[in-house]
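These notes concern the structure reproduced below.
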Amino acid sequence: MGWKAAQKLIHHWKILRGDNVMIIRGKDRGETGTIKRVIRSQNRVIVEGKNLVKKHIKQGQGHEGGIFTVEAPLHVSNVQIVDPVTGQPCKVGIRYQEDGTKVRVARGIGASGSIIPRPEILKIRATPRPTIGPKDTPIELVHEKTYDAKTGKGMPGL
């Protein structure tokens, strides 16, 4: 990626993985789908089951070759979030509620102004946190003396 393209990267994303979006440009224009993946380094998103292209893959060790249909990335400017009330594409705004929580709201011409909920899929971690083993160092190991300054015992050989 050139330096000009790097300047145009979106820093504050309002579209998240799991959002329901409508494609507003391209061959699948007018169709809705769920965002499967967000590629922030290229300002692109992959919509589940949309923008399908044929890909020729050469046979290699451990996988078959052939012609496969895969989802190609779309530029983020070619999709818009669907308003949960009206079902029409809308822009996304940010508001703070009375308790201080930040929420996304539908805005634009014909938008309802309702809150766009955060997708449930974001609560599921791709790699679960390990639950086996102690959560912290036991206090006995913390207070254990491992180095003696007078004898130099415990000092690694440098």
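Please go through the stretch 7-19 and pick out each residue that is more than 14 Å from the chain's Cα centre (by Cα), open to solvent by 80 Å² or more (accessible area, probe 1.4 Å) and in contact (Cβ under 8 Å) with a residue 24 or more places away in the chain.
K8
Against the condition of a type in the set (K, R), part of a strand (DSSP E or B) and in contact (Cβ under 8 Å) with a residue 24 or more places away in the chain, how does K36 come out, does it pass?
Details: of a type in the set (K, R): yes; part of a strand (DSSP E or B): yes; in contact (Cβ under 8 Å) with a residue 24 or more places away in the chain: yes.
The answer is yes for K36.
Do the conditions hold for G26, that is, is it over 17 Å from the mean Cα position of the chain (by Cα) and farther than 30 Å from Q7 by Cα?
It is false that G26 is over 17 Å from the mean Cα position of the chain (by Cα) and farther than 30 Å from Q7 by Cα.
Scanning for something without any contact (Cβ under 8 Å) to a residue 24 or more places away in the chain, touching a strand residue (DSSP E or B) at 6+ places or on another chain (Cβ under 9 Å), at negative phi and aromatic (F, W, Y), does the stretch 131-153 turn up at least one residue?
Our first condition is that a residue be without any contact (Cβ under 8 Å) to a residue 24 or more places away in the chain; within the stretch 131-153, this holds for 131-153.
Now drop any that are not touching a strand residue (DSSP E or B) at 6+ places or on another chain (Cβ under 9 Å), which leaves none.
No, every residue in the stretch 131-153 fails to be without any contact (Cβ under 8 Å) to a residue 24 or more places away in the chain, touching a strand residue (DSSP E or B) at 6+ places or on another chain (Cβ under 9 Å), at negative phi and aromatic (F, W, Y).
If K27 meets every condition in (1) under 16 Å from E71 (Cβ atoms); (2) in a loop (DSSP other than H, G, I, E, B); (3) free of Cβ contacts under 8 Å to residues at least 24 places away in the same chain apart from one, which number is that one?
Status for K27: all satisfied but (3).
Can you spot a residue in the stretch 143-154 that is open to solvent by less than 60 Å² (accessible area, probe 1.4 Å) and not small (G, A, S)?
The answer is yes; a qualifying residue exists.
The values are calculated or read from the model by the stated rules, or taken from the named source; none is laboratory data. As the structure is a computational prediction, the values presented were derived from the model and not from experiment. As a convention, Cβ positions derive from the backbone with ideal geometry for all residues, glycine included, and neighbour counts pool all protein chains shown. For the accessible areas, the whole protein counts, side chains as well, though only heavy atoms, and no ligand, DNA or RNA atoms are used. Shrake-Rupley method; radii C 1.70, N 1.55, O 1.52, S 1.80 Å.
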